[in-house]
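Only one structure is covered here, and it is reproduced in the block below.
The values are calculated or read from the model by the stated rules, or taken from the named source; none is laboratory data. Note that the coordinates shown come from a computational prediction; the quantities given were computed from them, not determined experimentally. Every residue, glycine among them, receives a Cβ derived from its backbone with ideal geometry; neighbour counts consider all protein chains shown.
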Amino acid sequence: MKKTRILIVDDEPETIKYLSANLRARGYEVLTAEDGRTALQVFQESVVDLIILDIMMPGPDGFEVCQAIRRQSNVPIIMLSARGREKDVVRALDLGADDYLTKPFGVEEMLARVRAVLRRAVQAPTAPRPPLTIGELTIDFAARRVTVSGREIQLTPTEYDLLSHLALNAGRVLTHRALLQAVWGPEYGDETEYLWTYIRRLRRKIEPDPTTPRYILTHPGVGYSFADA
């Protein structure tokens, strides 16, 4: 059976050693890079299932590496930083990262995030559902395909999962916690900055006017809903 391959990118040898040992002990295959330039080279030469990417490092920093990878791939990315500032979290998510860990972190927290991100990346088979069309937006659940006015919209796996979960519950208000646990996994619940970052990205991609959303509606202090067709 093919092992899940994880690329660790960090300029701190101790962090690489710590992550590598714990991931290999759980059966993952590990590749490493100590700077952004090497990370991009390894990514081009190897097939990886997940990238754990530090922000602060020589050469292209983690933000730049994440942006470069997102131009060509939806491979899951977990960002690492010694800074837990909200603007860093939001910037990482806005550039396409799937998750964010603030150093120092425990082994179990790191492993839980790895499992959750990998789980979201797998397109689990579901019972066939007919496509949903509302206005110019069509969601083909069987094909995981989204179009606006007939033009296909490129979504990351997490973006699609969030949109489809909202659409499958059209007309219902879903709380922040319910959405986080349904889309990101039971390990989540308080990361509201994840939600509003992803909602903003989705609106930019599917809404005729993102400032006056037609499809994804906000319920302040509660959560979000998808317009009932």
| query | Do we have any residue at all in the stretch 204-221 that's modelled with pLDDT under 95, in a loop (DSSP other than H, G, I, E, B) and touching a Phe, Trp or Tyr at 6+ places or on another chain (Cβ under 7 Å)? | reply | no
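Conditions (1) without any contact (Cβ under 8 Å) to a residue 12 or more places away in the chain; (2) surrounded by 15 or more Cβ atoms within 10 Å (Cβ to Cβ); (3) over 27 Å from Arg24 (Cα atoms); (4) in the same structural domain as Lys17 (by TED's automatic domain parsing), marked per residue:
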{"site": "Pro58", "(1), (2), (3), (4)": "no, no, no, yes"}
{"site": "Val75", "(1), (2), (3), (4)": "no, yes, no, yes"}
{"site": "Ser81", "(1), (2), (3), (4)": "no, yes, no, yes"}
{"site": "Asp99", "(1), (2), (3), (4)": "no, yes, no, yes"}
{"site": "Glu109", "(1), (2), (3), (4)": "yes, no, no, yes"}
{"site": "Val117", "(1), (2), (3), (4)": "no, yes, no, yes"}
| query | Which residues, counting only those in the stretch 23-34, are outside any strand (DSSP E or B) and surrounded by fewer than 17 Cβ atoms within 10 Å (Cβ to Cβ)? | reply | Arg24, Ala25, Arg26, Gly27
| query | Would the stretch 64-82 turn up any residue that is out of contact with any helix residue (DSSP H, G or I) (no Cβ under 6 Å at 6 or more places or on another chain) and more than 28 Å from Lys205 (Cβ to Cβ)? | reply | yes
| said: Residues that are β-branched (Val, Ile, Thr) and closer than 21 Å to Ala121 by Cα: does the stretch 37-47 have at least one? | reply: yes
| request: Identify the single condition in (1) modelled with pLDDT under 90; (2) touching a strand residue (DSSP E or B) at 6+ places or on another chain (Cβ under 7 Å) that Lys2 does not satisfy, given that it satisfies every other one. | output: (2)
